[in-house]
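Colleague: Quick one: the structure is below, and I'll ask about it shortly.
The values are calculated or read from the model by the stated rules, or taken from the named source; none is laboratory data. Given the structure is predicted, the values throughout are model-derived calculations rather than measurements. Cβ placement follows ideal geometry from the backbone for every residue including glycine, while neighbour counts extend to all protein chains displayed.
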Amino acid sequence: MTDLPFTQYQVFHLKAKTLREQISAYYQETQNSSVTIQLLLAMKIRKQLGEQDFELFLKDLVRHLFSKATVNRALRRYFYFFSEYFEETEWEMLTARCFPPKHSNTDLMEVIQADSTVTGTESELSESS
């Protein structure tokens, strides 16, 4: 289990300035984007609870996580909560980065085993072609 850098009490009671410094320092030290994005989501919750100091909290860090950090399950899971941190064109590029299109196989792309075996010599087979 991952050691969390803050207790629940700290996440919801420390001042914005202190959290800004400590979350930035935590990410710089650990490069753990999963825990960092969860902490930033908690800051969005604090903003929703009415604390204006948390408007677009650590915007540069959020933008860095989604544009530069390795895309992982946590970033994909919380991706849509951070749409207001990006312009529309950036959002479209990040959507493609975090959710790349899946390649689908068609009959033309698959190798299909023949039901019957081909018999004959090479010269007979090349003549029939």
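Colleague: Would you point out which residue out of 51, 124 is surrounded by fewer than 14 Cβ atoms within 10 Å (Cβ to Cβ) and either of a type in the set (D, E, K, R) or at pLDDT 95 or above (or both)?
Modeller: 124
Colleague: How many residues does the range 64-82 hold that are buried (at least 16 other Cβ atoms within 10 Å of the Cβ) and in a helix (DSSP H, G or I)?
Modeller: So the count comes out to 7.
Colleague: For residue 89, indicate whether it is out of contact with any helix residue (DSSP H, G or I) (no Cβ under 7 Å at 6 or more places or on another chain), loosely packed, with under 12 Cβ neighbours inside 10 Å, in a helix (DSSP H, G or I) and of a type outside the set (Phe, Trp, Tyr).
Modeller: In short, yes.
Colleague: Right, here's the next one. Would you check if residue 40 is among the hydrophobic types (A, V, I, L, M, F, W, C) and more than 25 Å from residue 91 (Cβ to Cβ)?
Modeller: no
Colleague: Would you check if there is a residue in the range 23-34 being over 22 Å from the mean Cα position of the chain (by Cα) and not β-branched (Val, Ile, Thr)?
Modeller: no
Colleague: Please enumerate the residues belonging to the range 1-46 that are more than 15 Å from residue 61 (Cβ to Cβ) and not polar (S, T, N, Q).
Modeller: Residues satisfying the conditions are 1, 3, 4, 6, 9, 11, 12, 13, 14, 15, 45, 46.
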